[in-house]
Amino acid sequence: MELEASYPVVVTDKLIECRDFYTRWFGFRVVFEASWFVYLKPSDESPHGIAFIAPDHPSQPPGPEAFDGEGILLTFQVHDAASEFHRVRRSGLLIDHPLREEPWGQLRFGLKDPAGVWVDVVEQIEPEPGYWDRYT
């Protein structure tokens, strides 16, 4: 199989709120939008994206219920997590996990989108010396 793209689809009734969250705070663009579905990507060339579908639309595959806010983590790896943290904090966005250096080698902060998806913004940094020794 050769993938053209891969993206999560979150079942939610907060399509507009999610669209606005990702376009305003993280620079995503609308690729496709209808009353029942929104597909976003950071750029036209990017293979990365995220989509949102209304829970009552007939094209929804069988099985996925409306997202309840638990069990998913969306990671945005960036070059400068501190700058991103200060940018969104100054703009008034509620941040659920403050910026901090993690011993395993990440500078990160976290927040939830309107559907309850945890967004983890990370920058890879050097881990504490010896941190990974117990895992390898």
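The values are calculated or read from the model by the stated rules, or taken from the named source; none is laboratory data. In this text the structure is predicted, and so the values were computed from the model without any measurement. Virtual Cβ from ideal backbone geometry, glycine too; neighbours counted across all protein chains shown.
Residues considered: 131, 135. Of these, the only one that is hydroxyl-bearing (Ser, Thr, Tyr) and in contact with a Gly (Cβ under 9 Å, 6 or more places away or on another chain) is 131. Return yes when residue 110 is out of contact with any helix residue (DSSP H, G or I) (no Cβ under 9 Å at 6 or more places or on another chain) and modelled with pLDDT under 95 and no when it is not. No, not satisfied. Counting the residues of segment 78-110 that are in contact with a strand residue (DSSP E or B) (Cβ under 8 Å, 6 or more places away or on another chain) and assigned to a loop (DSSP other than H, G, I, E, B) gives 8. Here residue 75 clears all of (1) at pLDDT 95 or above; (2) part of a strand (DSSP E or B); (3) surrounded by fewer than 17 Cβ atoms within 10 Å (Cβ to Cβ) except the condition numbered (1). Restricting segment 115-126 to residues that are part of a loop (DSSP other than H, G, I, E, B) and at pLDDT 95 or above leaves a set whose member that is surrounded by the fewest Cβ atoms within 10 Å (Cβ to Cβ) is 126.
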